[in-house]
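K.L.:
My questions all concern the structure below.
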Amino acid sequence: MTIKEAIFAGSSTKVQEKPKERLPEFAFIGRSNVGKSSLINSLCNSRKLAKTSSAPGKTRLVNHFRINKSWYLVDLPGYGYAKLSAKEREKLEEVIRVYLNHSAELRHLFVLIDSRHDVQKADLEFIGELAGSDIPFSVIFTKGDKLGPVAREKQLSRNREQISALCEEVPAFFASSSETGLGKEEILTYIENLLKTE
């Protein structure tokens, strides 16, 4: 799949505030500073579609981007922000929970995890909850250019094993880099194939 058009379609905190045009939704989520906005921009061939920031917690809303007039890429707030107050964290978690549980158009969720490190506690807790739900999801390991091929595969193998142990049905895994384009074609082809089953 080639993304020829990516347009910001609106921000919301509640499902009823979503864009009025109903299209299949593919959502992206991850811990703070995992490289979510950079990956979204890379997939969409844009440098500034999703706002990037070195400060964690930039995304506080559910952002819809209409892709090729046929589906939405949804940028969700992150989880596991240590620097936010308990009240702010609770508010963000509620925004995420409401979207995941009540968006009828959600087709697939991509959980982003930093490929350089072991899977964090917040990731394992989130994936554990997902595994017990009806929400189909895959895992994208970001920043894949930061490790050499051998070190990356060793780390990813360990991470895949940890995540798979939580899931009855093993999710798809992707290694990606917004810098080099690693994984871009595979992720877009995966979405394209899911759209064909609509």
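K.L.:
Return the residue satisfying two criteria in turn: it lies in region 33-62 and is in a loop (DSSP other than H, G, I, E, B), modelled with pLDDT of 80 or more and small (Gly, Ala, Ser), and of such residues it is surrounded by the most Cβ atoms within 10 Å (Cβ to Cβ).
P.N.:
Filtering region 33-62 for residues that are in a loop (DSSP other than H, G, I, E, B), modelled with pLDDT of 80 or more and small (Gly, Ala, Ser), the one surrounded by the most Cβ atoms within 10 Å (Cβ to Cβ) comes out as 35.
Matching residues to (1) of a type in the set (Val, Ile, Thr); (2) in contact with a Leu (Cβ under 8 Å, 6 or more places away or on another chain):
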| residue | (1), (2) |
| --- | --- |
| 87 | no, no |
| 97 | no, no |
| 107 | no, yes |
| 142 | yes, yes |
| 152 | no, no |
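K.L.:
Could you identify the single residue in 138, 176, 133 that is at pLDDT below 95 and closer than 25 Å to residue 25 by Cβ?
P.N.:
Answer to the check: 133.
K.L.:
If the Cβ limit is 6 Å and pairs must be 6+ apart or interchain, which residue in region 87-101 that is farther than 11 Å from residue 126 by Cβ pairs with which residue that is buried (at least 17 other Cβ atoms within 10 Å of the Cβ) and hydrophobic (A, V, I, L, M, F, W, C)?
P.N.:
Close Cβ pairs (under 6 Å, with a partner that is buried (at least 17 other Cβ atoms within 10 Å of the Cβ) and hydrophobic (A, V, I, L, M, F, W, C)) amount to 99/62.
K.L.:
Another one. Can you name the number of the only condition in (1) closer than 22 Å to residue 62 by Cα; (2) among the basic types (Lys, Arg); (3) touching a Leu at 6+ places or on another chain (Cβ under 8 Å) that residue 83 fails?
P.N.:
Status for residue 83: all satisfied but (3).
K.L.:
Looking at region 64-106 only, could you name the residues that are of a type in the set (S, T, N, Q) and in a helix (DSSP H, G or I)?
P.N.:
The answer is 101, and nothing else.
The values are calculated or read from the model by the stated rules, or taken from the named source; none is laboratory data. Worth saying up front: this structure is predicted, and the values here are computed from it rather than measured. Cβ sites come from the backbone with ideal geometry, for glycine too, and all protein chains shown count toward neighbours.
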